[in-house]
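**Student:** Encoded as structure tokens, here's the structure I'll be asking about.
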Amino acid sequence: MKIHIFYTAVMDRAGKNITVGGIQNYLIGLATALREDVDEVIIYQGADIEFDVKYNGIRIIGKKNDLDKSLKKQIKEVFYKVNNLISKEDIIIFGTDKIAFPLKDFSKTISIQHGISFDYIAYDALPKIIKKNFFGTLYKWLQCYKNAKDFLICKNVVCVDYNYVNWIRTILPRKYSENAVVIPNYAKVSSENSINEKPIETIKILFARRFEMMRGVYILIDVIKALNVKYKNIEFTVCGDGPLKKTLEKELGEFSNVTITKFGIGESEKFNLDHHITLVPTYGSEGTSFSLLEGMAAGAVPIVSNVGGMTNIILDSYNGYILNPDSESFIEKISFLIENPTKLYEFSINSKETVRKSFNEEKWKNQWIKFIKSM
């Protein structure tokens, strides 16, 4: 038996380099975890130049497709160019439910649901006049309908958080969610000591997200400005890239204690080990956040929004703080930790232990293998 994974792009469209992203990392990790228990795991994607390459022992095949088409149609193009490689006994995995489409001749299909993605983004894109009347409400209902429809395409669905599966149970008859299984994301626990286990002089605070409104960039700007008025013993590292990079540089350029940078694949642990606090001020569209878990695995104390799958990870005042996505709430909790640094050690130990017990790689791998064998 083979496993065939489909996604828009794990590598660039020339097959030269791995693309950076949470889903890409997830699928590479999944292929690596499953290959020992099946004959082969192959990842398929779209390409400008067709390729067939290996990355860390995983075969990745790129087939030409049309980027002007919808995501589902792009993946259909790829599928029908490689379906001769797939037997009816094999398992087909769609890297996200957004690209899944019905396959009548294949019964072993899985889509991966990475968290509710429509709780903020698309609605915010609407003109204000529409959002404030009946059409705004109707638009939200249509979004719910579309996402429920995507959920029903595959016989089996893996959800990365309980938030989504409970939403499905709320809007659809219970029988439709019986083939859904929750397998939360994971992180590798660091073997190194966190900065929170050392004497504290300067509180170091990390934001490692994509630079866009949805990820809380404007909350971050407010936080940095407010805290710099109150405290002198703080430093901020802002890691990432995105459409609001120039905004960050403009708003925060005057502060000598703010570093705007980015890290590559494999560098997350080093950054998190060197920071006391990690911020995840997301507005919406969040599963069991890799950024959050990576920070906790290195002993950084998380302060996060009560959004999506993060509500499955943080127990408020035990392994961090979880609160509304607004500037005032974040400023209040960060200020408390700056003024009560002994709490940092306590939360750091608890956050690291949370990942070690409940969100570790071995547990994630075993849950996936068990699910595959049950099909």
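FYI, it's all coordinate maths here, none of it is from the lab. Keep in mind it's a predicted model, so treat the numbers as computed, not measured. Cβ: placed from backbone, ideal geometry, glycine included. Neighbour counts: every protein chain shown.
**Student:** Of all beta bridges DSSP finds with both residues in the chain, what is the antiparallel percent, to the nearest 5?
**Tutor:** The antiparallel fraction comes to roughly 10 percent.
**Student:** Another question about this same structure. Arrange Trp141, Trp368 by Cβ neighbour counts within 10 Å, fewest through most, would you?
**Tutor:** Trp141, Trp368
**Student:** Based on Cα positions only, what radius of gyration and what Dmax would you give for segment 334-375, in angstroms?
**Tutor:** Values for segment 334-375 (Cα only, Rg and Dmax): 16.9, 53 Å.
**Student:** Can you give me the distance in nm between label points at Met375 and Lys104, each placed 7 Å from the Cα along the Cα-to-Cβ direction?
**Tutor:** Those two pseudo-labels are separated by 2.1 nm.
**Student:** Are there GluC sites (Glu not before Pro) in segment 1-101 that DSSP puts in a loop and that have at most 10 other Cβ atoms within 10 Å, and which ones?
**Tutor:** Passing both the DSSP loop test and the Cβ count: Glu36, Glu89.
**Student:** Okay, moving on. With unit charges on the beta carbons (Lys and Arg positive, Asp and Glu negative) and the dipole taken about the Cα centre of the chain, which residue among Ile42, Asn83, Val181 sits farthest to the positive side?
**Tutor:** Highest projection toward the positive end goes to Asn83.
**Student:** Within the set Lys2/Lys88; Lys69/Lys149; Lys64/Lys155; Lys16/Lys64; Lys98/Lys188; Lys54/Lys155, which residue pairs have Cα atoms separated by over 18 Å?
**Tutor:** Lys69/Lys149; Lys64/Lys155; Lys98/Lys188; Lys54/Lys155, as the Cα separations exceed 18 Å there.
**Student:** Using per-residue counts of other Cβ atoms within 10 Å, averaged over each peptide, order 57-69, 178-190 from highest down.
**Tutor:** 178-190, 57-69
**Student:** Classify segment 261-364: rounded, prolate or oblate, from the alpha-carbon gyration tensor (a ≥ b ≥ c, eigenvalue square roots; a/c under 1.5 rounded; otherwise prolate if a/b is larger than b/c)? Walk me through the numbers before you get to the answer.
**Tutor:** On the way: a/c = 1.32, a/b = 1.19, b/c = 1.11.
Since a/c stays below 1.5, the shape of segment 261-364 is classed as rounded.
**Student:** Still on this structure, I have one more. Counting DSSP beta bridges with both partners in segment 1-124, what percentage is antiparallel, nearest 5? Write down the numbers at each step before the final one.
**Tutor:** Working: 6 of 24 bridges.
Given both bridge residues lie in segment 1-124, the antiparallel proportion sits at roughly 25 percent.
**Student:** On to the next question. Positive end of the charge dipole of the chain (Lys, Arg +1 and Asp, Glu -1 on Cβ, about the Cα centre): tell me which of Tyr345, Cys144, Ile219 has its Cα farthest that way.
**Tutor:** Cys144
**Student:** For Lys54, Lys76, Lys146, which order do you get if you count the other beta carbons within 10 Å of each Cβ and list the fewest first?
**Tutor:** Final ranking by Cβ density, sparse to dense: Lys54, Lys146, Lys76.
**Student:** Sticking with this structure for a sec: Within 15 Å, Cβ to Cβ, of Asn83, how many net charges do the neighbouring residues add up to if Lys/Arg are +1 and Asp/Glu are -1? Intermediate values should be presented prior to the final figure.
**Tutor:** Working: positive: Lys2, Lys63, Lys76, Lys81, Lys88, Lys104, Lys108; negative: Glu77, Glu89, Asp90, Asp105.
Value of the local net charge: +3.
**Student:** Label segment 160-238 by shape, choosing from rounded, prolate and oblate, from the square roots a ≥ b ≥ c of the eigenvalues of the Cα gyration tensor; if a/c is under 1.5 it is rounded, and otherwise prolate applies when a/b is larger than b/c, oblate when it is not.
**Tutor:** Values: a/c = 3.94, a/b = 1.93, b/c = 2.05.
The shape class here is oblate.
**Student:** Lys73: net charge of surrounding residues, Cβ under 14 Å, Lys/Arg +1, Asp/Glu -1, itself excluded?
**Tutor:** +4
**Student:** How high is the FRET efficiency from Leu85 to Trp141, r the C-beta distance, R0 41 Å, rounded to 0.05? Don't skip to the answer; put the middle values down first.
**Tutor:** Values: r = 40 Å, r/R0 = 0.98.
Using R0 = 41 Å, I get an efficiency of 0.55.
**Student:** Specify, per residue and in Å³, the volume enclosed by the convex hull of the alpha carbon atoms belonging to segment 190-294. Don't jump to the answer; show the numbers that get you there.
**Tutor:** Working: hull volume 10.6 nm³, N = 105.
It is 101 Å³ per residue.
**Student:** In segment 312-351, which chymotrypsin sites (Phe, Trp or Tyr not before Pro) fall in coil by DSSP and have 16 or fewer other Cβ atoms within 10 Å?
**Tutor:** Tyr318
**Student:** Compute the Cα gyration tensor for segment 280-326, then decide on rounded, prolate or oblate, letting a ≥ b ≥ c be the square roots of its eigenvalues: rounded whenever a/c is under 1.5, prolate when a/b is larger than b/c in the other cases, and oblate in all that remain.
**Tutor:** Oblate is the answer for segment 280-326, as a/c is 1.5 or above yet b/c matches or exceeds a/b.
**Student:** Next question, about the same structure. To the nearest 20 Debye, how big is the dipole of the chain about its Cα centre, given +1 on the beta carbon of each Lys and Arg and -1 on that of each Asp and Glu?
**Tutor:** About 1200 debye.
**Student:** Would you give the gap between the C-alpha center of segment 224-296 and the C-alpha center of segment 32-70, rounded to a whole Å?
**Tutor:** One Cα centre to the other: 33 Å.
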